[in-house]
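See below for the structure under consideration.
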Amino acid sequence: MAKPGEGTQTELVAPLSREELSVVTANLRFALENCPVDGGVLTEDGSASSEESVRSLLKKLEAAKTRPISLRDLPNGEVKLLKAIAEYAIKECPIDGAMMLNSGRFISKDDLRSLKQKLDALPQTTTTAGRALSAVEILEQEHRLILRVVNLLPTIRRNVDAGVVDESVLPSVVDFFTAFTDGYHHAKEEGLLFPALQLRGVSPRGCPVGTLKLEHQQGRSLMGTLKSAVEKYSEGDPGAASAISSVLKDAEDLYTTHIWREDYLLFPMSGKVLPSSDQEELTRDSAKVQSKFGSGFLERYELLVDKLERSANQTPGPAQPIGSRVPIVSS
Ligand SMILES: [Fe+2]
Ligand SMILES: [Fe+2]
């Protein structure tokens, strides 16, 4: 059973239920009637709300009673507005018992906290202005998903060392780094971004591109080693656990450094080196590559990461909580 306020990627993709839709629309109506909506609510990026934007969003969501809508269907600007209004209502308005649904149930602050946490868990698909993310912004966002797995590696390693690792975890880690990180994410960097930079004079062998390509190769090699160690582990080879633990530590170090290099060196440099026409072309080419993988590819790996987080945190033994991150837990 899901704890209050927690939602899985499945729930985010699924259409909002009638009850959830009622909570969202009641929240917006309450804000229009009771809170200083026009300019009185600031979204997380500092934009002030307007009564017109709230009314327009309310109209759109009310129409969803006949045409199902999921939270993922909403552009970022609307998600941010919903978050800001839910947060404002939780903090400032006497919500508990002040709003009643058609079912006769009163909305509590827990309903609004649950809504806000679901909204917080949504991946960004557009900018605040509603513009689709650029190819580089998408790569940057994919790093966040990769880092969620990298952050689990110390716990998985401890579980391997203690012999309490769930049997599905290690093949999932190999699958994630092989198919998503390398086959999808690195493939876009090597097939599109690096060549675009080279055309503008960036050396393919120097820093940072040469180093990054080398790190991609190191990642491939580590996953090859991990895959064979996992196979031996499942066959009961007594030496396989220490080999797995060692590769996981190397992968953690490699991807932490690699992603830092790209976020703080490669991507800012790309913004300066590539003129806007190149960046637009890169975004179009990136969309074509992504469409070849199918619309469910990214969601499949988001679900895999959710599952890995649940498994790593639920495994008994010496596993430790992962920093301050709040795991997404489902039933
Ligand atoms: Fe990379
Ligand atoms: Fe990357």
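Here, each number is a calculation from the coordinates, and none is a lab measurement. Bear in mind that the values here come from a model prediction, so they are computed numbers and not experimental data. When we count neighbours, we look across all protein chains shown, and the Cβ atoms used for this are built from the backbone with ideal geometry, even at glycine.
Across the stretch 278-293, rounded Karplus estimates of 3J(HN,Hα) from the backbone phi angles (6.51 cos²θ - 1.76 cosθ + 1.60, θ = phi - 60°) give 5, 5, 5, 5, 4, 5, 5, 5, 5, 4, 5, 4, 4, 5, 5, 7 Hz, Gly and Pro being marked x. For the stretch 135-314, the Cβ-based charge dipole about the Cα centre amounts to some 280 debye (Lys, Arg positive; Asp, Glu negative; other atoms uncharged). The distance from the alpha carbon centre of the stretch 165-207 to that of the stretch 257-280 is 15 Å, rounded to a whole number.
How high is the FRET efficiency from residue 151 to residue 278, r the C-beta distance, R0 35 Å, rounded to 0.05? Display every interim value, and only then the final one.
Details: r = 33 Å, r/R0 = 0.95.
Computed FRET efficiency for residue 151 and residue 278: 0.60.
So, counting K/R as plus one and D/E as minus one, what does the shell of residues with Cβ under 15 Å around residue 237 add up to?
Values: positive: 227, 232; negative: 167, 231, 235.
Overall, the nearby charge balance is -1.
Here the extension length gained between residue 269 and residue 190 equals 26.9 nm, from 0.36 nm per residue of separation less the Cα-Cα distance.
Please compute the net charge surrounding residue 183, taking Lys and Arg as +1 and Asp and Glu as -1 over other residues with Cβ under 15 Å from its Cβ.
Values: positive: 188, 220, 227, 292, 300; negative: 142, 175, 182, 189, 190.
Taking every other residue near residue 183 into account, the sum is 0.
Stretching residue 207 away from residue 32 to a fully extended chain increases their span by 57.6 nm, per 0.36 nm per residue minus the current alpha-carbon distance.
Under the simplified labelling scheme, the residue 232-residue 50 pair shows an inter-label distance of 6.4 nm, with each label point 7 Å from Cα along Cα→Cβ.
The stretch 187-240: D in µm²/s via Stokes-Einstein (Kirkwood Rh, Cα pairs, 10 °C, 1.306 mPa s)?
Numbers: Rh = 13.1 Å.
The estimated diffusion coefficient comes to 121 µm²/s.
Stokes-Einstein diffusion of the stretch 228-308 at 20 °C, 1.002 mPa s viscosity, Kirkwood radius from Cα pairs, rounded to a whole number: 130 µm²/s.
Where Lys and Arg each count +1 and Asp and Glu each count -1, what net charge lies around residue 215 among other residues with Cβ under 15 Å from its Cβ? Mind dumping the intermediate values first?
Working: positive: 205, 213, 220, 261; negative: 182, 189, 190, 250, 252, 253, 262, 263.
For residues surrounding residue 215, the net value is -4.
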